[in-house]
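Colleague: Take a look at this one; I'll ask things after.
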Amino acid sequence: MVDDRRQNRLDFGDAHSAAEQGLKVVTAQFKEVEPFSWNLFDGFERMRVLTYSASAPMIVKMLDRHPFELFECIFGYEGGLRKVAEIVAFQQFLVNQVRDCALQLNDDRQRVIFERIQADKARFYVVKDNIAHAKLYLLEANDGGRRRVIVGSANLSERAFGGKQPETLVAFDNDSRAWEHYSREYDAVKETASDRIDVPLDRREAEISFTDTPVMQDPGPTVFQIPTEEELTLPQVVHKVEELAVPVDRVVTPQISRENGRYVIKPSVKAEIKKMRWQKNQLQNEESRTTSLTIHQESRHVSLRGVHVPLEIDNDGLRKSSEAIVEYYNNYEQGFVGDVHRLQRDYFTFMSWLYISPFICDLRTRAVVDGGNIFHYPLFAIIYGKANCGKTSLVDTLIASMFGHPSTVQKDSFTRRTLRGLQQNYKRFPVVFDDITRRRFTDHGLDIVKDESLPPVKEHPCFVISMNAEPQSFPDEVVKRCLMIYTNTSIPTHKHSLADRLHTSVEDIRNRLTTDLYRHYLAAVMDKLDSTMEPRDILTLSSEIICEILDEHLRGRLPGWCQPVSWNQYADRRYERPARRLAALLAPENYRKKIAEGEQGWTLQTDTVVVWEKADAFGRTSIKGEIPDFLYDDTSSVGDTFVLWRKQTEEFLGTQIVRPGIRWPWAR
């Protein structure tokens, strides 16, 4: 009976019946185990792979490492493909990723791989259905005399084959029954559940739109059997596919018909979608355009949304952009009320951080490996202050100077899940949120700000958050992890003509901006960031480059705000606001003030300062949360009463604390 079962499992008949066999059991015999070696793939001219991880980087490395005369790979999907839109989105993602990974190689290696693709010696397929999550490698010599089947838990990925996670592979050498069984399984997936994909090879070609995917390009009908239940994991690829599926779902799903429990996209529907709603390589709906920035420092390759960004510049465009940026900052002197020079310097500090932000992911990774201080490479910048202080305009203008147009994510998307997805999908492109409330930031942003672990992707973005001021400031755990820019300098609300004039000026400035300034900056910063990525003061490095570029075209006429700024200069000032508030609280008139009523006051002990505040209607105190942690005696602070170390507090305030009416040093 056992032999009959084995024979039945091999007797699939055709590809369709093989694909419908479901869970299978292969009876094998253990012989030996040995560490993995790349020699496992040597000596074969043909290789076929079924891998259920979107591991395009590893595929490209395999092609670069082994001179296979024929390499064929079917890409599967780690999550459950629950919608037609997700199937189309996954195909879109995979085609673009294979192409992008190939473009990262140097010219000679890239040429060899592209020649293989063009000569039909490297073929790629992508799933279009929910099929088994097998991992399968079929290797064969040209003469057919040597064959190897490899199965197991390891996807063809850098993580699995790099020894970073426990995996097991099982190899069958010259086993005819194993070869027949697994070849049929591979062919079943290839023939019934996958589409051939063509990889665009033009370096300057944009990422393909979903209308260029195999499903949408197939002239015949495409039928899907969507399962009713799925288990779903949420690794990086699933986040990306879900992001891509949103616009596809909006356009495609209403056009799909359902017949006998299956979903069908008819040829006429495909043609109508492509003709009426979309254009090739240029999506009509801006919301559907994936936003990503990739930088490969070794090859100096930069791509925005999959389009190669040349670092060569137009000198006239660079001059106009330099003049426009300086004019923009000088506009703050045309009617803003408050410490205008401080505002300009703080906003220049933010510009220095924002311009270098695409490289912060690399610097943080190096800091983690070397035990450096990652707080010197903040992933978040928070700009907050009064209304009408120009926060939104500043961010939009600087992003436009970098990428050609402003880019802001809708504030309703500021949720834990979306923030993680954006972190994994935007690569190095800064994620900007405008007008986020304190409540939303606390509920959804605090966890990711405090998370000091590295994201699961090498390239990840920085975040910019602008907020209006509130009575409470930010806790120290946020301040030390973010670039904090606070201002109370603004345009008077009653001066409508001034606001209109400045708005017109800003629009004119943006019209004159080109990306030449930032592309020149990118080339300069990559020249100074060597391959070892040694610890750097990112503000000094960035601000010096900006000043040098601007000075080239202003010829020594740099304004006072445009001077290099160091991290220590910024760090020394970020606690100015809580320091001023704490100094006011410790004023002599508040010494032991209204202890019975429980209002704010203070008193001295030998080595400590005891401070109390009356909580507001929401149970909050106005200053306790924003005082740096190193000032606290945590063992003695209870409720609204907190205890500060006297020596550290005096150093923080830059003054000595004494009881009223008694002069230092005689009083204790």
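Colleague: Per residue, how large is the accessible surface of segment 343-458? Use a 1.4 angstrom probe and give square angstrom.
Modeller: Counting only protein heavy atoms, the per-residue value for segment 343-458 is 35 Å².
Colleague: Determine, from the Cβ-Cβ distance of Thr392 and Lys458 and an R0 of 41 Å, the FRET efficiency 1/(1 + (r/R0)^6), rounded to the nearest 0.05.
Modeller: 0.85
Colleague: Just to verify a number: FRET efficiency for Gln569 and Ala28, C-beta to C-beta distance, R0 = 60 Å, to 0.05?
Modeller: 0.35
Colleague: OK, next. By how many nm would the segment from Arg177 to Arg111 lengthen if fully extended, with 0.36 nm per residue of separation less the alpha-carbon distance?
Modeller: Additional length available on full extension: 19.9 nm.
Colleague: Determine Rg/Rh for segment 294-553; Rg is computed over alpha-carbon atoms and Rh is the Kirkwood hydrodynamic estimate from the same atoms.
Modeller: 0.95
Colleague: A follow-up question, please. So how much accessible area does His296 have, in Å² to the nearest 10, using a 1.4 Å probe?
Modeller: 30
Colleague: Once you list every other residue whose beta carbon is under 12 Å from the beta carbon of Gly43, what net charge do they have if Lys and Arg are +1 and Asp and Glu are -1?
Modeller: Numbers: positive: Arg46, Arg146, Arg147, Arg148; negative: Asp42, Glu45, Glu140, Asp143, Asp173.
Surrounding charge for Gly43 is -1.
Colleague: Can you send over the solvent-accessible area of Glu552, 1.4 Å probe, protein chains only, in Å² to the nearest 10?
Modeller: 110
Colleague: On the accessible surface of segment 398-444, probed at 1.4 Å, how many percent belong to carbon and sulfur atoms?
Modeller: 45
Colleague: Continuing with this model, one more query. Through the Karplus equation 6.51 cos²θ - 1.76 cosθ + 1.60, θ set to phi - 60°, convert the phi angles of segment 184-189 into ³J(HN,Hα) values in whole Hz; use x for Gly and Pro.
Modeller: After applying 6.51 cos²θ - 1.76 cosθ + 1.60, I find 5, 5, 4, 5, 5, 5 Hz.
Colleague: For Leu554 and Arg305 in one chain, what is 0.36 nm times their gap in residues minus the Cα-Cα distance, to one decimal in nm? If you can, show how the numbers build up before the last one.
Modeller: Details: separation 249, 0.36 × 249 = 89.64 nm, distance 3.27 nm.
Length gained between Leu554 and Arg305: 86.4 nm.
Colleague: Here's a follow-up. Which FRET efficiency value, to the nearest 0.05, do you get for Arg65 and Glu589 by plugging their Cβ-Cβ distance into 1/(1 + (r/R0)^6) with R0 = 51 Å? Before the final figure, lay out each step's value.
Modeller: Values: r = 76 Å, r/R0 = 1.48.
Taking R0 as 51 Å, the efficiency between Arg65 and Glu589 is 0.10.
Colleague: Another question, then. Just read off the accessible area of Trp353 with the full protein assembly in place, 1.4 Å probe, to the nearest 10 Å².
Modeller: Here the accessible area works out near 0 Å².
Colleague: Step through the table entries Lys121/Lys270; Lys458/Lys624; Lys31/Lys458, compare each Cα-Cα distance with 32 Å, and write down the pairs that go over it.
Modeller: From Lys121/Lys270; Lys458/Lys624; Lys31/Lys458, over 32 Å: Lys458/Lys624; Lys31/Lys458.
Colleague: For segment 323-340, take each phi angle, set θ = phi - 60°, evaluate the Karplus expression 6.51 cos²θ - 1.76 cosθ + 1.60, and give the result in whole Hz per residue in order, putting x for glycine and proline.
Modeller: 5, 5, 5, 5, 4, 4, 5, 5, 4, 5, 7, 9, x, 5, 10, x, 7, 5
Colleague: Viscosity 0.692 mPa s, temperature 37 °C: what is the translational diffusion coefficient of segment 349-501 from Stokes-Einstein with a Kirkwood Rh over Cα pairs, rounded to a whole number of µm²/s?
Modeller: Roughly 203 µm²/s, to the nearest whole number.
Colleague: By how many nm would the segment from Glu45 to Asp143 grow when fully extended, if each residue of separation counts as 0.36 nm and the alpha-carbon distance is taken off?
Modeller: Residue separation times 0.36 nm, minus the Cα-Cα distance, leaves 34.3 nm.
The values are calculated or read from the model by the stated rules, or taken from the named source; none is laboratory data. Fair warning: this is a prediction, and the values are worked out from it, not measured in the lab. No Cβ is skipped: glycine too gets one built from the backbone with ideal geometry, and neighbour counts run over all protein chains shown. To get the accessible areas, we keep the full protein, side chains included, count just its heavy atoms, and leave off ligands, DNA and RNA. Shrake-Rupley method; radii C 1.70, N 1.55, O 1.52, S 1.80 Å.
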